[in-house]
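To start, the structure under review is shown below, and the notes come after it.
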Amino acid sequence: MKQFLTNVYAVALKEYKHIVRDPFTLAVALVMPLVFVFCFGFIIDLDYKHIKITVRDNDQSAESRRFLYMLSAGGYFDLTPVHSPLAADEDLYKNKFPGLMIIQKNFGKNIRAGDVQNPARVQLMADGADNARAGIILNYMTAVSQEAEKIFGSSPRFNADMVRTRFLFNPELNNRWFIVPALSTIIIALLSILLTALTVAKEWENGSMELLLSTPVRPYEIVAGKLAPYFGLSFFNILLIFILAVLVFKIPFNGSFILYLSACVIFIIGALALGILISIITRSQTAAIQFAFAIGMLPGFVFSGFIFPIENMPAFFRGLTFIFPQRWFLTISRSLFLSDASFSALAVPFICLTIFSCVMVLLSVKKFKKDVEP
Amino acid sequence: MSSKEIIRVENLTVAFGSFKAVDGISFDVKRGEIFGFLGANGAGKTTTIRTICGLLNPSSGKVFVDGKDVSSDTTALKPHIGYMSQKFTLYKDLTIKENMEFAGALYNMKAADIKKKIKVLADFIKLEFDENSIVADLPGGVKQMVSLCATLLHEPDLVFLDEPTAGVSPQTRADFWGLIKDLSGRGTTVFVTTHYMDEASYCGRIVLMSAGKIVAVGTPEELVENNFPKPFAELVFKDARAVEKIKTEINASVFARAENYGAGLRAEIIDNGRFKIFSADNKNIFEIKTSAPTLEDVFLKLVS
């Protein structure tokens, strides 16, 4: 045991010196998270606001004006009235505006009448070339229509099939609240994998691995020693992101901090071990870095639920997300930021994350070659 | 172990796929000797060393170090050997001292012992640089010396030096061999590979390898003696007729092989009696003297 600790300490100390002597790595490790957080937190705003819509009001009643007022009041739409059907068509045709809305004649009259057979009609045409934006326009429009139903509430049809959506935990549907807690997942996965992916490959490339293997040091001691300093670096990063999230982005943290930190520890160890495993297998820094980017980046964005909701994925891909730790850490991170989820509510993600990390550590020790066989 | 042999290699073959890097070699190394492993690049020297160190597995055959089978137990062996590989393997971004401390720690040495030992080794190699210099900033020869120190730090009984003098200046090469002699004088067994034939004369015994096979074993003197019982003749041309003359005499009864040598030829004498007659006859055309055969000659004869 004492020998184990001495050897791990020796390897860790050496790795620590490599990190400190290499300002570039250190800069990447410390600056990349900041760049990510600020890019995603400030610049990339998945919310569309001020979407330009051309409006032709064929009714010109008090009700139609009220409806248009509600549409523009939300800040989501900038309305441009046009007064001839031709002009409206032309605007849409020339791709001037992403949407065109036509309020049908008798809009006001039909609302007042409240007749199910003959409801008030609004026609909306959205530019389908940008389907994400078109979808958003429709969503907003639905929300505004529901709002309108409440106000014009006399209509029996409105009351009959009123659909209400309420967003729990993020009532404003503030994207930043979703993005920043999830960012720690992407940054840690990418950075941890990247950092350790280079370490073993570097030893192979400059020949020091041969030397290491000729000494009595054991593979698990090398793996543990290499994990330690990078663990420190990654943990520092995760705290940094946490502080930014809470202080700069004012995201509420509702859950248990201890629980959050434990998830971080498990996740970081797993990601670092995965990096080492890549390094052990590839033995070359160039190959390792490509692997690390692919494995660190892609699942983080695609299979974690960061951008695409897991529930909407085809069954095969939904199943695939199970093997990526990013999925589990993301769930834990979001839940703990936005709700006060208890451990029992997060048991499944915790267990899956732990299994992943254990498997990675065991595999990297097992795959670590004790000889220089090609 | 009191046995005379520290390494015994029996019928060792190491194959990578269908390629046999080492092909059925057997030899042994005596305790405390300087054992030279000679051969061109790709002859299988490094593969043999790696196998003895337990870094490669034999495809067939056995390797015993200190009487123990290497393939069954490498952990017991490792503290007793020091391996300086062909590639420069110290960490270039660390200082001399940090590299030493790391190496020492892996051999379970105490910090205080490491400190003392660094001083001793720095004297040993007459290190003129501060121990806090970053390794990357050192000249090539010094790097190699420091690398040797890292190998010797834990006082191994058996040291493997794989081409330690490749690519260093002649002065450093001479210094290096001085150190190797010193080491051997202290009872350390030194197993060294080189492709400089002139260095082989420093070795107690040598093995000559070619294409994975051993072509000769023995002391340098034995190898020369066995292959070239007679001296060489050095012929320097005095005029143009010599060129014609030698063409007829070579491959005849006087000389065996001949090769260009400076302004003339160097040829192996077959028969001393006939050589004397040849010398007397051709005094006017050639300047003739005899010279001792070298290991280089042996190598050329056996390998090519």
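Brief remarks on what is shown
Yes or no, residue by residue, for (1) more than 15 Å from the chain's Cα centre (by Cα); (2) within 14 Å of residue B:96 (Cβ to Cβ):
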site	(1), (2)
B:127	yes, yes
B:131	yes, yes
B:150	yes, yes
B:160	no, no
B:169	yes, no
B:173	no, no
B:176	no, no
B:214	no, no
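- For segment B:255-304, residues that are closer than 30 Å to residue B:40 by Cα and in a strand (DSSP E or B) total 15.
- Evaluated against (1) in contact with a helix residue (DSSP H, G or I) (Cβ under 6 Å, 6 or more places away or on another chain); (2) modelled with pLDDT of 90 or more, residue B:39 falls short on exactly one condition, (2).
Conditions tested, residue by residue: (1) open to solvent by less than 40 Å² (accessible area, probe 1.4 Å); (2) out of contact with any Pro (no Cβ under 6 Å at 6 or more places or on another chain).
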position	(1), (2)
B:8	no, yes
B:12	yes, no
B:30	no, yes
B:43	yes, yes
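- Scanning segment A:173-227 for residues that are free of Cβ contacts under 8 Å to residues at least 12 places away in the same chain and open to solvent by less than 20 Å² (accessible area, probe 1.4 Å) turns up A:203, A:207, A:208, A:212, A:214, A:215.
- Filtered by the rule that a residue be aliphatic (A, V, I, L, M) and modelled with pLDDT of 85 or more, segment A:1-25 gives A:5, A:8, A:10, A:11, A:12, A:13, A:19, A:20.
- Count of residues meeting criterion [open to solvent by 80 Å² or more (accessible area, probe 1.4 Å) and at the interface with chain B (Cβ under 8 Å from one of its Cβ atoms)] in segment A:1-29: 2
- Elements of type helices (runs of 4 or more DSSP H) contained in segment A:1-83, each with 3 or more residues being among the small types (Gly, Ala, Ser): A:62-73
- Matching entry among B:168, B:236, B:207, B:135 (being more than 30 Å from residue B:274 (Cα to Cα) and at pLDDT below 90): B:168
- Among the residues listed as A:233, A:259, the single one being more than 23 Å from residue A:190 (Cβ to Cβ) and over 19 Å from the mean Cα position of the chain (by Cα): A:259
- Flag for residue B:120 being away from chain A (no Cβ under 11 Å), open to solvent by less than 60 Å² (accessible area, probe 1.4 Å) and farther than 20 Å from residue B:213 by Cα: no
- Here is the figure for segment A:338-374: residues that are within 14 Å of chain B (Cβ to nearest Cβ) and either within 24 Å of the chain's Cα centre (by Cα) or not aliphatic (A, V, I, L, M) (or both) total 6.
- Filter pass, residue B:70 being more than 9 Å from every other protein chain (Cβ to nearest Cβ), modelled with pLDDT of 90 or more, open to solvent by less than 10 Å² (accessible area, probe 1.4 Å) and in contact with a strand residue (DSSP E or B) (Cβ under 9 Å, 6 or more places away or on another chain): no
- Note on segment B:96-117: among residues that are more than 20 Å from residue A:8 (Cα to Cα) and open to solvent by less than 50 Å² (accessible area, probe 1.4 Å), the one that is farthest from the other protein chains (Cβ to nearest Cβ) is B:117.
- Single residue of segment A:173-225 satisfying the filter (polar (S, T, N, Q) and within 14 Å of chain B (Cβ to nearest Cβ)) that is nearest to residue A:29 (Cα to Cα): A:199
- Helices (runs of 4 or more DSSP H) enclosed by segment A:264-374 - at least 3 residues per element that are in the same structural domain as residue A:238 (by TED's automatic domain parsing), among the hydrophobic types (A, V, I, L, M, F, W, C) and surrounded by fewer than 19 Cβ atoms within 10 Å (Cβ to Cβ): A:285-298, A:315-320, A:347-367
- The residue list B:275, B:255, B:286 contains one member that is modelled with pLDDT under 85 and in contact with a Gly (Cβ under 8 Å, 6 or more places away or on another chain), which is B:286.
- Residue B:78 being within 8 Å of another protein chain (Cβ to nearest Cβ), modelled with pLDDT under 90 and in contact with a strand residue (DSSP E or B) (Cβ under 9 Å, 6 or more places away or on another chain): no
- Residue match in segment B:126-148 (condition: facing another protein chain (nearest Cβ under 10 Å) and among the aromatic types (Phe, Trp, Tyr)): no
- For segment A:134-144, filtered to residues that are modelled with pLDDT of 70 or more and open to solvent by less than 40 Å² (accessible area, probe 1.4 Å), the residue that is farthest from the chain's Cα centre (by Cα) is A:144.
- Within segment A:244-260, being within 24 Å of residue A:39 (Cα to Cα) and modelled with pLDDT of 90 or more holds for one residue alone: A:260.
The values are calculated or read from the model by the stated rules, or taken from the named source; none is laboratory data. None of these values were measured; they are calculated from a predicted model. So basically every Cβ, Gly included, is an ideal-geometry build from the backbone, and we count neighbours across all protein chains shown. Heads up: the accessible areas ignore ligands, DNA and RNA and are worked out on the full protein's heavy atoms, side chains in. Shrake-Rupley method; radii C 1.70, N 1.55, O 1.52, S 1.80 Å.
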